[in-house]
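Quick notes on the structure that follows.
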Amino acid sequence: MTKLIALLATATLFLSGAGVAAATDLYPWRNHAVPFNFLFGNEIDTHQQTRKTHDRNLFGFFYIQFTGVVTKDLYRVATHVDCNATSDCTVGWTLNGRPVQATFLYHVEHDHPVFLVNRAAIPQPGAFSHFHWLDSMPASGAPADGYLLQLIAVDKFCFIHHGAESATTAKTCRGNGGVNVDLGTDIATHLNIVTSAPPGM
């Protein structure tokens, strides 16, 4: 019986370790080779690979690069990079997208542009929290065609959108200006929608 328990424990440890490795290697970067050949026509294409589904939605992968730094609270630091310029890109999230139109409101430096979305256009059930436009960035107050994205994290990491190179092991993920990401639904890292605009906008 003791040998059986030891064998099961060893198998569990092996499988749990293998699961982590497999999660971050879901789909290698192939620069939008078929079938994941959908393009937004802007910078997001340097770290996404998606395909259109038969119902006009999107399914695909959102990529990160680990910097090698582990935060004080034991999160590996990761950021977006141009995956065509490195061989170190790995899947951070799977993504699903639904076509919608949104109005560009404003953009604060080092954060995502904020868009106004009709509440009824947000898919249910789900956690669609990021709007990404097609082609060029629209003018303030202008409508834009794009997709509402739902992100599902496939690994645990500290996501820092800008300035990841300055992260240190002496600080927590939040202390480094990052967002703690755990396996599962993620609405925090790329949230950029609101359903009402301040008066006068």
*Net charge of neighbours whose Cβ lies under 13 Å from the Cβ of Pro35, counting Lys and Arg as +1 and Asp and Glu as -1*: +3
*Could you name the aspartates and glutamates whose alpha carbon sits less than 20 Å from that of Lys52, not counting residues in the same chain fewer than 8 places away?*
Glu43, Asp135, Asp145
*Asp25 versus Asp145, label points 7 Å from Cα toward the beta carbon: distance in nm?*
3.9
_Residue order, fewest to most beta carbons within 10 Å, for Ile187, Ile64, Ile193, Ile122_ = Ile187, Ile122, Ile193, Ile64
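Taking the Cα centre of the chain as origin, work out the dipole magnitude from +1 charges on Lys and Arg Cβ and -1 charges on Asp and Glu Cβ, in debye rounded to 20.
Numbers: 12 positive and 15 negative charges, 113 e Å.
So the dipole magnitude of the chain works out to roughly 540 debye.
Working from the alpha-carbon coordinates of the chain, get Rg over Rh, Rh being the Kirkwood radius.
Taking Rh as the inverse mean 1/r over Cα pairs, Rg/Rh reads 1.03.
Taking Cα pairs under 8 Å and at least six residues apart, what relative contact order does the stretch 2-194 come out at, in percent?
Across the stretch 2-194, relative contact order equals 22 percent.
Could you please report the charge total around Asn57, scoring K, R as +1 and D, E as -1 over all other residues with beta-carbon less than 11 angstrom from its beta-carbon? Write out the running numbers ahead of the final one.
Numbers: positive: Arg51, Lys52, Arg56, Arg98; negative: Asp55.
After counting each charged neighbour, the total is +3.
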*Among Thr172, Gly97, Leu183, which residue has its Cα positioned farthest towards the positive end of the charge dipole of the chain, with +1 placed on the Cβ of Lys and Arg, -1 on the Cβ of Asp and Glu, and the dipole taken about the Cα centre?*
Leu183
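Read-outs: derived from the displayed coordinates by stated rules, not from any lab. Small disclaimer: the values here were computed from a predicted structure and weren't measured. All Cβ positions, even for glycine, are placed from backbone atoms using ideal geometry, and neighbour counts span all protein chains on display.
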